[in-house]
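The values are calculated or read from the model by the stated rules, or taken from the named source; none is laboratory data. Predicted model only: the values in this text are computed from it and were never measured. Backbone-built Cβ (ideal geometry, glycine too); neighbour counts: all protein chains shown. Only protein heavy atoms, including side chains, enter the accessible area calculation; ligands, DNA and RNA are left aside. Shrake-Rupley method; radii C 1.70, N 1.55, O 1.52, S 1.80 Å.
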Amino acid sequence: MAERRQHPRKKVTQPVAVMDHDREVLLGYLVDISLSGFMLLCSTPLEINRVFQLGLELPPACGGQSVRLGAESLWRENSNDPGKYWAGFQIIDISPENLERIKRLMDDYL
């Protein structure tokens, strides 16, 4: 099967929490990320084809800031860990400043 991603993904090796700003709850943790999307490990099954307003909570080594963005959930699968789910997202709305923060995260931290 041919690769369809526009940007290469980087595996996340340290915890990066992702918050749902609409509900003010922890949605999950980054597994991998690119400039156009990411995968989360979540404790609840997320709706597919839903737009979320999210915050990626960057670790102190990357400035400790929250990167706010809009993302659409594209797919969901059960993980091998009972009660955990994989979820794939496409970034659909992000400011130039927050996109730059993701680039720095990928270049300097991952």
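Shown here for the stretch 1-90: trypsin sites (Lys or Arg not before Pro) in loop regions (DSSP other than H, G, I, E, B) with at most 12 other Cβ atoms within 10 Å, namely Arg4, Arg5, Arg23, Arg50. For the chain, what class follows from the C-alpha gyration tensor (a ≥ b ≥ c being the square roots of its eigenvalues): rounded when a/c is under 1.5, otherwise prolate if a/b is larger than b/c, else oblate? Rounded is the answer for the chain, as its axis ratio a/c remains below 1.5. A helix-only calculation puts the chain at -2500 deg cm²/dmol for mean residue ellipticity at 222 nm, using -39500 (n - 2.57) for each DSSP H run of at least four residues, averaged over all residues. Surface exposure of the chain, expressed per residue as accessible area with a 1.4 Å probe, stands at 60 Å². Taking the accessible area of the chain, probe 1.4 Å, and keeping the other protein chains in place, the carbon and sulfur fraction comes to 47%. Near Lys11, which aspartates and glutamates are there with a Cα under 17 Å away, not counting those fewer than 8 places off in the same chain? Counting by Cα, and skipping residues close in sequence, Lys11 has these aspartates and glutamates nearby: Glu3, Asp32, Glu57, Asp107, Asp108. A DSSP coil position with no more than 12 other Cβ atoms inside 10 Å describes the following GluC sites (Glu not before Pro) in the stretch 3-110: Glu3, Glu24, Glu47.
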